[in-house]
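*Asks:* The structure is given below, and queries will be raised subsequently.
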Amino acid sequence: MGLFRKKKGETKSGCCSCTPEAMAQAETGKASAGVKVLGSGCAECNALEEAVRAALEELGMDTCMEHVTDFAQIAAYGVMTTPALVVDGKVVSCGKVLKKDEAKAMIQKVRAST
């Protein structure tokens, strides 16, 4: 019985269907400075994005913010629960919708330490 055998020519590396090229691209994206919200685009992720936008505006930072929805890129950060906040390549919050003041404090803390 050949129920559980791989089909000829079928190769799979890793635990998911991500290609090595996608993972390499995700790794290079991590090194870039800036503020990123990681998440699928659900209501919680969008709420965090709005709070972060308001925090950046209040801080007077013209830093561009990116909303990452690609799961390969999210996994490259080691994030298992979303939404997550990344500031200058460092994950500062996971699995929580931050309020504007919380996001503001985290951004200031990371920027002050660099």
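The values are calculated or read from the model by the stated rules, or taken from the named source; none is laboratory data. None of the values given here were measured: they were computed from a predicted structure. Heads up, the Cβs are rebuilt from the backbone with ideal geometry, glycines too, and the neighbour counts pull from every protein chain shown. In case anyone asks, the SASA skips ligands and DNA or RNA and just uses the protein heavy atoms, side chains included. Shrake-Rupley method; radii C 1.70, N 1.55, O 1.52, S 1.80 Å.
*Asks:* Looking at residue 44, is it charged (D, E, K, R) and touching a Pro at 6+ places or on another chain (Cβ under 7 Å)? Spell out the reasoning first.
*Replies:* On the way: charged (D, E, K, R): yes; touching a Pro at 6+ places or on another chain (Cβ under 7 Å): yes.
Against the criterion (charged (D, E, K, R) and touching a Pro at 6+ places or on another chain (Cβ under 7 Å)), residue 44 qualifies.
*Asks:* To continue, here is another question. In this structure, does residue 81 turn out to be free of Cβ contacts under 8 Å to residues at least 60 places away in the same chain, surrounded by 14 or more Cβ atoms within 10 Å (Cβ to Cβ) and either touching a Cys at 6+ places or on another chain (Cβ under 8 Å) or among the β-branched types (Val, Ile, Thr) (or both)? Break it down into steps so the answer makes sense when it comes.
*Replies:* Details: free of Cβ contacts under 8 Å to residues at least 60 places away in the same chain: yes; surrounded by 14 or more Cβ atoms within 10 Å (Cβ to Cβ): no; either touching a Cys at 6+ places or on another chain (Cβ under 8 Å) or among the β-branched types (Val, Ile, Thr) (or both): yes.
Criteria not met by residue 81.
*Asks:* Counting just the residues of region 32-52 that are open to solvent by 10 Å² or more (accessible area, probe 1.4 Å) and part of a helix (DSSP H, G or I), which one comes out nearest to residue 100 (Cα to Cα)?
*Replies:* My answer is 51.
*Asks:* Residue 55 - would you say it is open to solvent by less than 10 Å² (accessible area, probe 1.4 Å), over 10 Å from residue 36 (Cβ atoms) and either without any contact (Cβ under 8 Å) to a residue 60 or more places away in the chain or not β-branched (Val, Ile, Thr) (or both)? Please lay out each step first, then the result.
*Replies:* Working: open to solvent by less than 10 Å² (accessible area, probe 1.4 Å): yes; over 10 Å from residue 36 (Cβ atoms): yes; either without any contact (Cβ under 8 Å) to a residue 60 or more places away in the chain or not β-branched (Val, Ile, Thr) (or both): yes.
The answer is yes for residue 55.
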